[in-house]
Amino acid sequence: MDKGINPWTTVEKKKIYENPWIHLEEHQVINPGGGKGIYGKLHFKNKAIGIIPLDEHNNTWLVGQYRYPLDEYSWEIPMGGGPLEEDILSAAKRELKEETGLTAEKWERIMRIHTSNSVTDEEGFIFIARELTEGETAFEETEQLMIKKIPLAQALDMVMKEEITDSLSIAGILKVARLLQV
């Protein structure tokens, strides 16, 4: 099987819904086995950007907020959306400042991730931010955030206890813990 050849055939696409953040399409398809089918594709108009800020003692910052789609409270790494045409590092710097008030001198991209590739084309990027300076937050109107500074090892424990369930947060925390051998 050639990994570069798409075994799906798109017969027809139809826009179902659109708003400033997402575009939902219904696709009539011929699947790899030759059968007719339907596929929903959710296109995000932003890239997902996550940041793991680390101080010199391997403390990190989490943000907590009530997530409307889940109908529950969620602890997460600082994150947000970066417009597709925006440089991902610029978006990461903006999101870290908005959500935590932190700025960083050193940045390292550690991960590219697809958040749910069976239904969406959303692409995410995760950074480590170091040499931090504290400042003022700039929450968006839709954000009512709590911020906490904790050891990275505690954030890893929160992942393992399912106290952190966000996919970008889990992936980023696990990767950083592995890189730092926490």
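The values are calculated or read from the model by the stated rules, or taken from the named source; none is laboratory data. These numbers come from a predicted model, not from an experiment. Glycine also receives a Cβ, built like all others from the backbone with ideal geometry; neighbour counts cover every protein chain displayed.
I113 passes every criterion in (1) at pLDDT below 95; (2) within 30 Å of W8 (Cα to Cα) apart from (1).
Got at least one residue in region 58-66 being exposed (fewer than 15 other Cβ atoms within 10 Å of the Cβ), in the same structural domain as E131 (by TED's automatic domain parsing) and closer than 20 Å to T133 by Cα? Yes, because at least one residue in region 58-66 is exposed (fewer than 15 other Cβ atoms within 10 Å of the Cβ), in the same structural domain as E131 (by TED's automatic domain parsing) and closer than 20 Å to T133 by Cα. Just one of the numbered conditions (1) of a type in the set (K, R); (2) under 20 Å from N117 (Cβ atoms); (3) assigned to a strand (DSSP E or B) is not true of K3: (3).
Applying the condition of being among the hydroxyl-bearing types (S, T, Y) and in contact (Cβ under 8 Å) with a residue 40 or more places away in the chain to region 107-136 and asking which residue is surrounded by the fewest Cβ atoms within 10 Å (Cβ to Cβ) yields S116.
Could you tell me how many of the residues in region 14-35 are among the hydrophobic types (A, V, I, L, M, F, W, C) and assigned to a loop (DSSP other than H, G, I, E, B)? Talk me through it step by step, then tell me what you get.
Within region 14-35, the first condition is being among the hydrophobic types (A, V, I, L, M, F, W, C), and the residues that meet it are 16, 21-22, 24, 29-30.
Cutting the leftovers down to assigned to a loop (DSSP other than H, G, I, E, B) gives us 21.
Here the count works out to 1.
Somewhere in region 29-47, is a residue within 17 Å of G172 (Cα to Cα), under 18 Å from the mean Cα position of the chain (by Cα) and surrounded by 14 or more Cβ atoms within 10 Å (Cβ to Cβ)? Yes: one or more hits.
In this structure, does E162 turn out to be within 30 Å of H23 (Cβ to Cβ), within 19 Å of the chain's Cα centre (by Cα) and in a loop (DSSP other than H, G, I, E, B)? Steps first, please.
Working: within 30 Å of H23 (Cβ to Cβ): no; within 19 Å of the chain's Cα centre (by Cα): yes; in a loop (DSSP other than H, G, I, E, B): yes.
No.
Which of the residues spanning region 157-169 are crowded, with 19+ Cβ neighbours inside 10 Å and aliphatic (A, V, I, L, M)? V159, I164, L168, listed by residue number.
Looking at region 101-108, is at least one residue on the phi > 0 side of the Ramachandran plot, more than 17 Å from the chain's Cα centre (by Cα), in the same structural domain as G172 (by TED's automatic domain parsing) and not in a helix (DSSP H, G or I)?
We begin by selecting, within region 101-108, every residue on the phi > 0 side of the Ramachandran plot; these are 101.
Still in the running and more than 17 Å from the chain's Cα centre (by Cα): 101.
Filter once more, so that each one left must be in the same structural domain as G172 (by TED's automatic domain parsing): 101.
From what is left, the residues that are not in a helix (DSSP H, G or I) are 101.
Yes, region 101-108 has at least one match.
For residues that are part of a helix (DSSP H, G or I) and surrounded by fewer than 21 Cβ atoms within 10 Å (Cβ to Cβ), tally how many sit in region 79-94.
Taking region 79-94 first, the residues part of a helix (DSSP H, G or I) are 88-94.
Of the ones still in play, those that are also surrounded by fewer than 21 Cβ atoms within 10 Å (Cβ to Cβ) are 88-90, 93-94.
Within region 79-94, residues that are part of a helix (DSSP H, G or I) and surrounded by fewer than 21 Cβ atoms within 10 Å (Cβ to Cβ) number 5.
Might you let me know whether region 130-139 holds any residue that is under 17 Å from the mean Cα position of the chain (by Cα) and of a type outside the set (V, I, T)? Break it down into steps so the answer makes sense when it comes.
If we filter region 130-139 for residues that are under 17 Å from the mean Cα position of the chain (by Cα), which is where we start, we get none.
No, region 130-139 has no match at all.
Checking the condition without any contact (Cβ under 8 Å) to a residue 12 or more places away in the chain, of a type in the set (F, W, Y) and more than 20 Å from E140 (Cα to Cα), which residue from Y17, Y39 passes? Spell out the reasoning first.
On the way: Y39 fails: without any contact (Cβ under 8 Å) to a residue 12 or more places away in the chain.
Of the residues listed, the single one that is without any contact (Cβ under 8 Å) to a residue 12 or more places away in the chain, of a type in the set (F, W, Y) and more than 20 Å from E140 (Cα to Cα) is Y17.
On the stretch given as region 98-110, residues that are under 12 Å from W61 (Cα atoms) and not β-branched (V, I, T) total 3.
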